[in-house]
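Structure first, commentary second.
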Amino acid sequence: GITVPWEAYQQYGDVNLLSEHYEAMKQYIDYLDKMTDPETGLIGGNHLSDWLSPELHRTEHHLLVTAQHAYNLKIMAQVAEILGKTDDANTFWDKYEARKAFFNHTFVDPETKRTIKTNGELSDSQASYAVPLDFGVFDDETIPYAAKHLAEAVSRENADDTGKMRPEYSLMTGFIGTASISSAL
């Protein structure tokens with residue numbers, strides 16, 4: 001994926017690593033673009049979800065896939081800038097802004113600023129706030145609300161997928177959400 005060379009670059013500052021993997025990273029973005037339904041804007045065929053989350057039913061995989069797609073576009077724009085590929089960088093920044101706008105329009109209730117599913121049903125899970133906050137996908141207006149809602153989701157009792165109430169401050173994220181929750185908080 002895109003994040004491995006990017007994280008290695010961030011750790012070691014090795015531009016050659018980015019250059020070596022740039023075309024493969026672009027091909028991955030092209031693949032995601034091709035998998036995006038032009039009518040719904042949702043990416044098909046990819047079921048990234050918050051595996052092993054006690055409240056998996058509350059975090060729709062489309063929210064996570066869309067957040068990851070926007071994040072990948074942001075990384076690609078930064079990589080293209082570092083490599084001096086200005087035209088590519090501009091294209092990736094434009095795609096990132098469009099995907100970020102799509103995310104906020106699709107997965108954020110305009111009145112409450114809580115996360116929702118594509119069917120309009122409330123999501124409001126720890127992962128539904130943690131991942132987009134960590135990836136920088138919420139728009140500027142939504143960020144303070146999302147941070148507040150995440151803190152509320154962490155500090156309240158939550159029902160797990162079996163209906164059992166979990167105590168306050170229980171971690172309700174799976175693999176994906178857990179990777180993001182510390183930096184989001």
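Kindly express, to the nearest 10 degrees and within the range 0 to 90, the angle between helix 126-135's C-alpha long axis and the longest C-alpha principal axis of the chain.
20
Summarise the accessible area of the stretch 43-185 (1.4 Å probe, protein heavy atoms) by the percent that is carbon and sulfur. Before the final figure, lay out each step's value.
Working: 3540 of 6590 Å².
The C+S portion of the solvent-accessible surface of the stretch 43-185 is 54 percent.
Counting only other residues whose beta carbon sits under 14 Å from that of ILE2, what net charge do I get with K and R as +1, D and E as -1?
Charge balance near ILE2 sits at -2.
Name the residue farthest towards the positive end of the dipole of the chain from the options HIS47, ALA127, ALA80, assuming +1 on Cβ of Lys and Arg, -1 on Cβ of Asp and Glu, about the Cα centre.
ALA127
With r as the distance between the Cβ atoms of THR3 and THR118 and R0 = 25 Å, compute the FRET efficiency 1/(1 + (r/R0)^6) and round to 0.05.
Values: r = 25 Å, r/R0 = 0.99.
Rounded to the nearest 0.05, the efficiency is 0.50.
Would you work out which of VAL108, PRO38, ALA70 lies farthest towards the positive end of the dipole of the stretch 1-114, given +1 charges on the beta-carbon of Lys and Arg and -1 on that of Asp and Glu, about the Cα centre?
The residue sitting most towards the positive pole is VAL108.
Averaged per residue, what accessible area in Å² does the chain show with a 1.4 Å probe, protein chains only?
Spelled out: the 1.4 Å probe surface of the chain, per residue, equals 51 Å².
What size of dipole, in debye to the nearest 20, comes out for the stretch 84-131 about its Cα centre when the only charges are +1 on Lys and Arg C-beta atoms and -1 on Asp and Glu C-beta atoms?
The dipole of the stretch 84-131 has a size of about 80 debye.
Expressed in whole Å with the largest first, what are the equivalent ellipsoid semi-axes of the chain derived from the C-alpha gyration tensor as the square root of 5 times each eigenvalue?
Rounded to whole Å, the semi-axes are 30, 18, 15.
State the extension gain, in nm to one decimal, for the chain segment bounded by LYS34 and ASP160, taking 0.36 nm per residue of separation less the distance between their alpha-carbons.
Full extension of this stretch gives 41.8 nm more.
In angstroms, what radius of gyration and Dmax does the stretch 33-96 have, counting Cα atoms only?
Over the stretch 33-96's Cα set, Rg and Dmax evaluate to 14.4, 44 Å.
Please work out how much length the chain gains when fully extended from ALA101 to ILE82, using 0.36 nm per residue of separation minus the C-alpha to C-alpha distance, in nm with one decimal.
On the way: separation 19, 0.36 × 19 = 6.84 nm, distance 2.46 nm.
Taking 0.36 nm per residue and subtracting the Cα distance, the gain is 4.4 nm.
The values are calculated or read from the model by the stated rules, or taken from the named source; none is laboratory data. Here the structure is a predicted model, which is why all the values come from computation and not from measurement. So basically every Cβ, Gly included, is an ideal-geometry build from the backbone, and we count neighbours across all protein chains shown. To get the accessible areas, we keep the full protein, side chains included, count just its heavy atoms, and leave off ligands, DNA and RNA. Shrake-Rupley method; radii C 1.70, N 1.55, O 1.52, S 1.80 Å.
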